[in-house]
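Everything on this sheet refers to the single structure shown next.
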Amino acid sequence: MSTEIIPEASATVLVVDDNPTNLSLLFDLLSHEGFKVLVAPDGEGAIAQLDYVKPDLLLLDVMMPGIDGFETCRRLKANDLTQDIPIIFMTALSAISDKVKGFDVGAVDYITKPIDREELLARLKTHLTIRRLQKTLQTQNLALQKEISDRIAAESALRMFLHAVSHDLR
């Protein structure tokens, strides 16, 4: 059974893994599925890229030299500019404590290696859909807040007008 997903035209995934083979395989798979794919060989490289581009989702290896995936995730979640980017961990670590730690530092999901293509694509589709819906909801909330503010201002102006007319009539 094939998990066919049609990524949004702007869906960009940043893949962070210190293994060049993993980066190449994921780059090829995701590019073939229509995603815009960025790569970084470590946590520092990923953080540096995020100064220039905001991907829709990160696939982040846990065990890397330098700062590991958990610390990378912590830093991204502590930054107002990157805290809302969903992070999915990819790792050979399969202990429940490692998975819980991943969620505790801010990841939205956790995939164990070796990565299954169908599972990866299903999880990407799910989290990209959630992100798109969250953005839509935020936009609608801002529009509603503006509408409420405009109505309050109009109501205030109407009250002042009615008060002035009432005063003049007396």
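Taking the Cβ of ARG75 as the centre, find all other residues whose Cβ is under 13 Å away and add up their charges (Lys, Arg: +1; Asp, Glu: -1). Net local charge, ARG75 excluded: -4. The label-point distance for SER31 and GLU119, in a model that sets each label 7 Å from Cα toward Cβ, rounds to 2.6 nm. Report the residue, chosen from ALA40, ALA48, ALA143, that carries the largest GNM mean-square fluctuation when the chain is represented by alpha-carbon nodes joined by springs under 10 Å. Residue with maximal mean-square fluctuation among ALA40, ALA48, ALA143: ALA143. Considering only ILE115, ILE88, ILE96, the Gaussian network model of the chain with Cα springs below 10 Å gives its largest mean-square fluctuation to ILE96. Coupling constants for region 73-87 follow from the phi torsions by the Karplus curve (6.51 cos²θ - 1.76 cosθ + 1.60, θ = phi - 60°), and in residue order they are 4, 4, 5, 5, 6, 7, 9, 4, 7, 10, 5, 8, 6, x, 10 Hz; glycine and proline get x. 3J(HN,Hα) along region 44-49: 4, x, 5, 4, 5, 5 Hz, from the Karplus curve 6.51 cos²θ - 1.76 cosθ + 1.60 with θ = phi - 60°, whole Hz, x for Gly and Pro. Projecting the Cα atoms of PHE89, ALA157, CYS73 onto the dipole axis of the chain, where Lys and Arg carry +1 and Asp and Glu carry -1 at the beta carbon, places ALA157 farthest toward the positive end. Near GLY106, no amide H atom lies under 5 Å from its own; only residues 5 or more places off or on other chains count, and H is placed 1.01 Å from N. Protein heavy-atom surface of region 46-111, 1.4 angstrom probe: 55% of the accessible area is carbon and sulfur, with nucleic acids and ligands not counted. Recomputing Cα extents along the principal axes in Å from the coordinates shown identifies the correct label among (i) 85, 35, 32; (ii) 76, 63, 31; (iii) 55, 34, 23 as (i).
The values are calculated or read from the model by the stated rules, or taken from the named source; none is laboratory data. Just so it is clear, the structure is predicted and the values come from calculations on it, not from any experiment. Don't worry about glycine lacking a Cβ; one is built from the backbone with ideal geometry, like all the others, and counts go over all protein chains shown. Ligands, DNA and RNA are excluded from the accessible area calculation, which covers all protein heavy atoms including side chains. Shrake-Rupley method; radii C 1.70, N 1.55, O 1.52, S 1.80 Å.
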